[in-house]
Amino acid sequence: MKKHTRILLVAGLMTLASAPAQAAGAKPSIERTIVHKEVTTEEFADDICGDRANTTTFTTTWRYIVKSTGDSLLVVFGETGRYQTDFDDPSIDDYASQFTEAGHFNISPSGTVVYTSQFHDFPGTIEIHERIVFVESSGSVRVDRYDLTVTGCP
């Protein structure tokens, strides 16, 4: 599970847990917007194209909108970022890139869970597309689809 997904789930569950108890027939509605910006540097033994050790510095901004109505929860999220990758091997050109991700997480009054996410990154000649669709209803997984497409690796 990606770091932002864990944050998304925790933020959503905290919002749901903080909702006041429902009065008879009343449905409380809570909506929060969370924005976070972070700069991190990480070392990797490889990258999406294989054994290419590097150090990458990310500047990432997340935005979450969390809405709880007492019996349902909706979290809509977006992530944008830029990064600079410096390869350990001097024969591999360093590069800068940017990425976007958008998705949503929903628990309906009936208990149906829907999670979708789309991620796009285009570092140089490389194209990375990631898509996730997950649906659970009545305790059974109805859709569990993950697709990662990478093209243009040297």
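The values are calculated or read from the model by the stated rules, or taken from the named source; none is laboratory data. It should be emphasised that the depicted structure is a prediction, and the values quoted were computed from it without experimental measurement. Cβ sites come from the backbone with ideal geometry, for glycine too, and all protein chains shown count toward neighbours.
A few comments on the model shown:
- Residue that is surrounded by the most Cβ atoms within 10 Å (Cβ to Cβ) [pool: residues in region 52-77 that are charged (D, E, K, R) and modelled with pLDDT under 95]: Lys67
- Qualifying residue in region 59-68 (condition: touching a residue at least 40 places away in the same chain (Cβ under 8 Å), in contact with a Pro (Cβ under 9 Å, 6 or more places away or on another chain) and in a loop (DSSP other than H, G, I, E, B)): no
- For region 75-95, the condition holds for at least one residue, the condition being that it is within 18 Å of Thr41 (Cα to Cα) and of a type in the set (Val, Ile, Thr).
- Residues satisfying the stated conditions in region 136-154, i.e. closer than 30 Å to Ile126 by Cβ and either touching a Lys or Arg at 6+ places or on another chain (Cβ under 7 Å) or of a type outside the set (S, T, N, Q) (or both): Val143, Asp144, Arg145, Tyr146, Asp147, Leu148, Val150, Gly152, Cys153, Pro154
- Which listed residue, of Pro90, Pro123, Pro154, is farther than 25 Å from Glu31 by Cα, at pLDDT 95 or above and not hydroxyl-bearing (Ser, Thr, Tyr): Pro90
- Flag set for Thr80, criterion: hydroxyl-bearing (Ser, Thr, Tyr), assigned to a strand (DSSP E or B), surrounded by 14 or more Cβ atoms within 10 Å (Cβ to Cβ) and touching a Ser or Thr at 6+ places or on another chain (Cβ under 7 Å).
- Here is the figure for region 90-136: residues that are hydroxyl-bearing (Ser, Thr, Tyr), in contact with a Phe, Trp or Tyr (Cβ under 9 Å, 6 or more places away or on another chain) and surrounded by 14 or more Cβ atoms within 10 Å (Cβ to Cβ) total 5.
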